[in-house]
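Presented below is the structure to which this report refers.
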Amino acid sequence: MRITTKTTNYTLTPEIGLLIEDKLGSLGRFLPQHKETALMALEVAYTTDGKKMGKPYRAEVNLDVNGTLYRAEASADTMESAVEAVRNELRKELGRSRGRARELFRRGGSAVKSFLRFGR
């Protein structure tokens, strides 16, 4: 999986770069067939928008897997927690998609089986 990182109002430190590789690279296990062709675009930003309170760090991920786009966005008090939150949200979305595909496959198999039993 290729990960491209864009920063806005934030300088990417080597520690954060390793954290991003470690946390978001682990999502490859949800994509065993498409692990090499998946493209992940990550944007990390520090946004205050003139506010003194709130969650200033934002992480946004777009994951393209064979034309299917998965997207997650999170804001937090630290960049580490924003990256972790966006990873958790993307993991939920990938799991939901995989479960949906599995359920459709099972329903299709059940329909074929009931159709084959029709002549009995």
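The values are calculated or read from the model by the stated rules, or taken from the named source; none is laboratory data. These figures come from a predicted structure and were not determined experimentally. Here Cβ is always computed from backbone atoms with ideal geometry, including for glycine, and neighbour counts include all displayed protein chains.
Yes or no: T4 in contact (Cβ under 8 Å) with a residue 24 or more places away in the chain and assigned to a loop (DSSP other than H, G, I, E, B)?
When the stated conditions are applied, T4 does not pass them.
If only one of A82, A59, A76, A45 is in contact with a Leu (Cβ under 8 Å, 6 or more places away or on another chain), in contact (Cβ under 8 Å) with a residue 12 or more places away in the chain and either surrounded by 15 or more Cβ atoms within 10 Å (Cβ to Cβ) or farther than 30 Å from R102 by Cβ (or both), which one is it? So that I can check it myself, show each step before the final result.
Numbers: A82 fails: in contact with a Leu (Cβ under 8 Å, 6 or more places away or on another chain); A76 fails: in contact with a Leu (Cβ under 8 Å, 6 or more places away or on another chain); A45 fails: in contact with a Leu (Cβ under 8 Å, 6 or more places away or on another chain).
Selected residue: A59, the only one of A82, A59, A76, A45 that is in contact with a Leu (Cβ under 8 Å, 6 or more places away or on another chain), in contact (Cβ under 8 Å) with a residue 12 or more places away in the chain and either surrounded by 15 or more Cβ atoms within 10 Å (Cβ to Cβ) or farther than 30 Å from R102 by Cβ (or both).
Being surrounded by 17 or more Cβ atoms within 10 Å (Cβ to Cβ), in contact with a helix residue (DSSP H, G or I) (Cβ under 6 Å, 6 or more places away or on another chain) and farther than 18 Å from M1 by Cα is the requirement here; does Y70 meet it?
In short, no.
Starting from residues that are among the hydrophobic types (A, V, I, L, M, F, W, C) and either out of contact with any Asp or Glu (no Cβ under 8 Å at 6 or more places or on another chain) or in a helix (DSSP H, G or I) (or both), keep the ones in region 52-75 and report whichever is modelled with the lowest pLDDT.
Checking each candidate, the answer is M53.
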